[in-house]
Amino acid sequence: MRRLPIFLVLDVSDSMIGEPLQYLEQGLDQLITKLRQDPHALETVFLSVVAFAGKVKTLVPLVDLPIFYPPRLPLGSGTALGRALTHLMREIDMQVQPTTRERKGDWKPLVYLLTDGKPTDDCEEAIRAWKSKYAGRVMLIAIGLGKYAASGTLSRFADHVLTYSGENNADFSRFIDWMSMSVKSRSIMVQQRGEQNQPISLEKAERILSFAGDAHSSDENFAIFVGRCQQRGTPYLLKYERIFFSSAAELRESGDNGYCYRLTGCYLIDETYFDWSVAVNEIEANVDLNNLLGQASCPCCGNPSALGLCSCGRLFCVDGAVRAQCPWCKQHLEMVPMEKNERVDIVRSLG
């Protein structure tokens, strides 16, 4: 039986932390459960999972659907779309069996690429290579998760670019149902009618899925900061979303920016985050501490503020005491409050 290779290329940048990452992990479980209920998919579908943030890695190589086990998704800083596309091309070359004189190879691979933001690396060379060598023999469906996905960039190489605009777990479940239906229909098509191009249908996915316009994103839609617990050394992420001011008074308060960042959550992470992230010296984006709205407590020890700043430039949690020790550089500090209108820049991740 000829194989139908399915590659899931998933954005695990830290802007996905919180509900989006939870939905994605739950969605993988749901997708596999749905596909295993279909006899056509069981016979033909082979699945692979590629994750990308600042770094890219294959989490699951191309394996038979019955033995596929959904992996735990990592998290990292950066959205290295160009590296992800280059990695995908290598995986296709290594894992997809070509047709030869002696045997029929795999069916045309199907790629679902899911991302929520703007690329933080140079995609030009990867896009050129894809268009010249892979576009004709791979079907790639790119899905922008939310309003900040750079659909303009995706449309340069994807066969179809869709926008997901759901708001809750039930909407994401409907989106996964659509994905499973599209895989099932393709597995039926290749078995019954051979290799044919099939138009993308959004049946049963109206409202949450639409064909994307030529939108361009910014990497400033979220401001995400990495801190460590002063007591236990455990890393955490502070996630802020950009909001624009509307009234004249708010605009005066915001200075030249016209926007600020509002806290959406503070989350524990593990040390693998740094393995998936761009190096600290590659990050040049700063945010004025005055432009952050909302204070979070430490998700590890409960200290009232997760925004203590060391002279080394790193964040850690503080309990209000005058003396503290930075868990990053280990120096002992005397903590002082910010003066009014004092500008203090802190380094954010690349999202």
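The values are calculated or read from the model by the stated rules, or taken from the named source; none is laboratory data. The structure displayed is predicted, hence computed values, not measured ones. Note: ideal-geometry Cβ built from the backbone for every residue, glycine included; neighbour counts use all protein chains shown.
Based on this model, can you work out whether D93 counts as farther than 20 Å from L202 by Cα, over 23 Å from the mean Cα position of the chain (by Cα) and assigned to a helix (DSSP H, G or I)? So D93 fits the description; yes.
Whether any residue in region 47-61 is assigned to a helix (DSSP H, G or I), of a type outside the set (A, V, I, L, M) and either without any contact (Cβ under 8 Å) to a residue 24 or more places away in the chain or surrounded by fewer than 21 Cβ atoms within 10 Å (Cβ to Cβ) (or both) is what I want to check. No, region 47-61 contains no residue that is assigned to a helix (DSSP H, G or I), of a type outside the set (A, V, I, L, M) and either without any contact (Cβ under 8 Å) to a residue 24 or more places away in the chain or surrounded by fewer than 21 Cβ atoms within 10 Å (Cβ to Cβ) (or both). Kindly indicate whether P98 is in a loop (DSSP other than H, G, I, E, B) and surrounded by fewer than 20 Cβ atoms within 10 Å (Cβ to Cβ). Criteria met by P98. When the residues of region 65-90 are narrowed to those that are assigned to a helix (DSSP H, G or I) and in contact (Cβ under 8 Å) with a residue 40 or more places away in the chain, which ends up surrounded by the fewest Cβ atoms within 10 Å (Cβ to Cβ)? My answer is M89. For region 112-139, filtered to residues that are polar (S, T, N, Q) and under 21 Å from the mean Cα position of the chain (by Cα), the residue that is modelled with the highest pLDDT is T115.
Residue-wise test of (1) among the polar types (S, T, N, Q); (2) farther than 27 Å from F244 by Cα; (3) without any contact (Cβ under 8 Å) to a residue 40 or more places away in the chain.
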| residue | (1), (2), (3) |
| --- | --- |
| Y273 | no, yes, no |
| W276 | no, yes, no |
| A285 | no, no, no |
| P299 | no, yes, no |
| V318 | no, yes, no |
| K330 | no, yes, yes |
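State yes or no: is A135 in the same structural domain as V12 (by TED's automatic domain parsing), part of a loop (DSSP other than H, G, I, E, B), of a type in the set (A, V, I, L, M) and out of contact with any strand residue (DSSP E or B) (no Cβ under 6 Å at 6 or more places or on another chain)? For A135, the condition - in the same structural domain as V12 (by TED's automatic domain parsing), part of a loop (DSSP other than H, G, I, E, B), of a type in the set (A, V, I, L, M) and out of contact with any strand residue (DSSP E or B) (no Cβ under 6 Å at 6 or more places or on another chain) - is met. Scanning region 266-290 for residues that are farther than 23 Å from V12 by Cα and either among the basic types (K, R) or crowded, with 18+ Cβ neighbours inside 10 Å (or both) gives no hits. Given the criteria without any contact (Cβ under 8 Å) to a residue 24 or more places away in the chain and closer than 25 Å to K133 by Cβ, does P98 qualify? Yes: the conditions hold for P98.
Each row is one residue, and each column tells you yes or no for (1) more than 24 Å from the chain's Cα centre (by Cα); (2) among the β-branched types (V, I, T); (3) at pLDDT below 95; (4) buried (at least 20 other Cβ atoms within 10 Å of the Cβ).
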residue	(1), (2), (3), (4)
I141	no, yes, no, no
E167	no, no, yes, no
R174	no, no, yes, no
M181	no, no, yes, no
S187	yes, no, yes, yes
Q191	yes, no, yes, no
S201	yes, no, yes, no
K204	yes, no, yes, no
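Condition first: farther than 30 Å from V226 by Cβ, free of Cβ contacts under 8 Å to residues at least 24 places away in the same chain and part of a loop (DSSP other than H, G, I, E, B). Can you find one or more residues in region 18-33 that meet it? No, because not a single residue in region 18-33 is farther than 30 Å from V226 by Cβ, free of Cβ contacts under 8 Å to residues at least 24 places away in the same chain and part of a loop (DSSP other than H, G, I, E, B). The listed residues are D106, D122, and the only one of them that is part of a loop (DSSP other than H, G, I, E, B) and under 27 Å from F222 (Cβ atoms) turns out to be D122. The test for being part of a strand (DSSP E or B), closer than 22 Å to A142 by Cβ, assigned by TED's automatic domain parsing to the domain that holds S182 and of a type in the set (S, T, Y) does not hold for S15.
Whenever a residue of region 105-116 is farther than 22 Å from S15 by Cα and free of Cβ contacts under 8 Å to residues at least 12 places away in the same chain, it has no partner that is buried (at least 23 other Cβ atoms within 10 Å of the Cβ) and not basic (K, R) lying with C-beta atoms less than 7 angstrom away and at least six residues away or across chains.
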